[in-house]
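As structure tokens, the structure follows; a few thoughts come after it.
The values are calculated or read from the model by the stated rules, or taken from the named source; none is laboratory data. All values reported here derive from a predicted model rather than from experimental measurement. We place every Cβ from the backbone using ideal geometry, glycine too, and count neighbours over all the protein chains shown. Side chains are part of the model used for accessible areas, which takes the heavy atoms of the whole protein and leaves out ligands, DNA and RNA. Shrake-Rupley method; radii C 1.70, N 1.55, O 1.52, S 1.80 Å.
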Amino acid sequence: MTDFATRRRMMVDTQVRPSDVTEFPIIESMLTVPREKFVPVEKVEAAYSGDHVELWSGRHLLDARLFAKMLEVLDLTNDDLVLDIGAGLGYSSAVIARIAEAVIAVEDDEAQVAEAQSLLSDNHSDNVVFHTGSLADGAAEHGPYDVIIIQGGVEVVPAAIADQLKEGGRIACIFIEDALGTVRVGHKLEGEIAWRHAFNGTAPVLKGFEKATEFAL
């Protein structure tokens, strides 16, 4: 029988800590939340591999290093309301929920949302609410948000998402340009998001976050 608790410690010790993630709440949460529970049953052996894990077509569980570093640059507090876009089966939301005040998780497939809600209930993540709808639309009715995190690559951030960030709030995205990826963190000041480079990282681009196709005459 696989010892997932040992694998979880190895993930933190070999993937997360060496990536300069030092905030105790992130370390503690990733040591606690059973990552293997939030992937399809046939993918459990890959849960701690150090790579993105495909959950279903178009959706991935981000590798632990990338996800942890995104949380670190967002500097989460226990007063934050967090919008978690592309939350998959709920792992990212379960981790964030142990740090923040509450999480609104967004997914677009009702069946997957139902499964995620069941998994989160089993994990006692009672401060996570799932919203079913287009990822690019976010969940305006629950906002505005102190923090927004997008669990996949983006070429552009839709205006609807930017509008849901509070003044003074933070957002982290994996921007993909010409197959290269960079994580940027943005702060909303006077209604505009000011972005800065945080570190390099890549992930498949989420549907609804692509640049509009330009047609040449």
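Okay, here's what the table says:
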item	result
Angle between the chain longest axis and helix 110-122 axis [Cα atoms, degrees, rounded to 10]	50
Net charge dipole size for the chain [Lys, Arg +1 and Asp, Glu -1 on Cβ; Debye, nearest 20]	560
Gyration tensor (alpha-carbon) shape descriptor, region 1-72, a/c threshold 1.5	oblate
Given 15 as the ceiling on other Cβ atoms within 10 Å, longest exposed-site-free region of the chain for GluC sites (Glu not before Pro) in DSSP loops	24-100
Carbon/sulfur fraction of accessible area - the chain, other protein chains in place, 1.4 Å, %	50
Kirkwood-type radius of region 81-149, with distances r between different C-alpha atoms, in Å	11.5
Note, ³J(HN,Hα) from phi for region 20-28, Karplus 6.51, -1.76, 1.60, rounded to Hz, x at Gly and Pro	6, 8, 10, 5, 4, x, 5, 4, 4
For region 137-170 and region 36-78, distance of Cα centres in Å	20
Sorted largest first, extent of region 42-193 alpha carbons per principal axis (Å)	47, 37, 26
Surface accessible to a 1.4 Å probe, per residue, for the residues of region 158-210, Å²	52
Largest to smallest principal axis extent of the C-alpha atoms in region 44-96, angstrom	34, 19, 16
Cα centre as origin, Lys/Arg/Asp/Glu Cβ charges: region 142-201 dipole, Debye	200
For Ile148, residues with placed amide H under 5 Å, excluding near neighbours	Leu83, Arg170, Ile171, Ala172
Lysines with Cα under 27 Å of Lys166, excluding same-chain neighbours fewer than 8 positions away	Lys69, Lys188, Lys207, Lys211
Residue-normalised accessible area of region 1-131, given per residue in Å² at a 1.4 Å probe	44
